[in-house]
Ligand code: MF3
Ligand code: CO
Ligand code: CO
């Protein structure tokens, strides 16, 4: 099947789904701290997506061929986990780095994005990996325009990451996104300029490089002889791995990042177009950064490590 070209109406739907996916990460940000478990984060995100945003967490029950149904509403990939980490009961620790990957379905459209979070105070090495991976994603995004080739994106990411002394994971890639979670094309994060598909206005795909501090090789996570969970991928050499992800539209003149919200990290200086006018046109935040959640979202147990006062009922939500 060919790469779908989105209509103006489709793009409106994708803008909303993308903003909501980004706002889930904004909402989670103050909770990503020592003592909070990745299951706590999953529960918060699930409640927010379903009750506040009236959307659907795309990962919950997602079962592509050869995989068991994914059991959570987001992925939490910690330290040496490359991707698809499943939330569990282990509390985050000072110095951890964690990727949180959220995909929201709204009105049938998928918004897919992820960010790295540094838990407390991490090493300079860990922080540099997160920063370089963020810039590597943007090195790919700024290549997006009609007439450019997918190989241009992969090459820009690979060159930047390898010059920084890191390696690019080959087995997982970005993907077309829209009415389906994973569509054509595959968006490799390595490659040669001037190769592969030519970009056209109306294409939408993710750019989501996984960058390892050590070697590029990966393996299934079978730590401690546990049976494989069917999803979690780690670095073969157990070095740290980082990832960032945006969903990006090819416009008539360049790109538009769809997964943007008021909490989106500032693009690097070389990305002069940044989020364009997109950010300015967004409605007021559905949730100010750090605002407490409605009490119901936290259940009776609350979140380990957060004081009760953090759980007070917040201002009413404005949601779309
Ligand atoms: N959100 C991931 C991506 O960027 C896919 C996660 S699939 C899951 O493509 F089942 F692991 F959640
Ligand atoms: Co994706
Ligand atoms: Co994703």
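The values are calculated or read from the model by the stated rules, or taken from the named source; none is laboratory data. Because the structure is a prediction, the values reported are computed rather than measured. With ideal geometry, Cβ positions are generated from the backbone for all residues, glycine too; neighbour counts draw on all protein chains shown.
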Can you confirm whether residue 171 is surrounded by fewer than 17 Cβ atoms within 10 Å (Cβ to Cβ) and either within 16 Å of ligand 2 (Cβ to nearest atom) or closer than 18 Å to residue 130 by Cα (or both)? yes
Touching a strand residue (DSSP E or B) at 6+ places or on another chain (Cβ under 9 Å), touching a residue at least 12 places away in the same chain (Cβ under 8 Å), under 25 Å from residue 281 (Cβ atoms) and not in a helix (DSSP H, G or I): is that true of residue 4 in this structure? yes
Give the residue, chosen from 91, 34, that is under 30 Å from residue 123 (Cβ atoms), more than 15 Å from ligand 3 (Cβ to nearest atom) and touching a strand residue (DSSP E or B) at 6+ places or on another chain (Cβ under 6 Å). 91
Select from the range 65-81 the residues that are within 13 Å of ligand 3 (Cβ to nearest atom) and surrounded by fewer than 23 Cβ atoms within 10 Å (Cβ to Cβ) and list them in ascending order. 70
If residue 212 meets every condition in (1) in contact with a helix residue (DSSP H, G or I) (Cβ under 8 Å, 6 or more places away or on another chain); (2) more than 21 Å from residue 112 (Cβ to Cβ); (3) crowded, with 22+ Cβ neighbours inside 10 Å apart from one, which number is that one? (1)
What number goes with the only condition from (1) modelled with pLDDT under 60; (2) surrounded by fewer than 17 Cβ atoms within 10 Å (Cβ to Cβ) that residue 269 does not pass? (1)
What residue, among those in the range 14-28 that are in contact with a helix residue (DSSP H, G or I) (Cβ under 8 Å, 6 or more places away or on another chain) and crowded, with 24+ Cβ neighbours inside 10 Å, is farthest from residue 203 (Cα to Cα)? 27
Residue that is nearest to ligand 3 (Cβ to nearest atom) [pool: residues in the range 115-143 that are closer than 25 Å to residue 73 by Cβ and buried (at least 24 other Cβ atoms within 10 Å of the Cβ)]: 115
Just the residues that are surrounded by fewer than 21 Cβ atoms within 10 Å (Cβ to Cβ) and closer than 21 Å to residue 112 by Cβ, please, taken from the range 192-204. 196, 197, 200, 201, 202
When you go through 301, 261 one by one, which is the residue that is more than 16 Å from ligand 1 (Cβ to nearest atom) and at pLDDT below 95? 301
If we keep only residues of the range 174-222 that are over 22 Å from residue 57 (Cβ atoms) and within 13 Å of ligand 3 (Cβ to nearest atom), then the residue nearest to the chain's Cα centre (by Cα) is 209
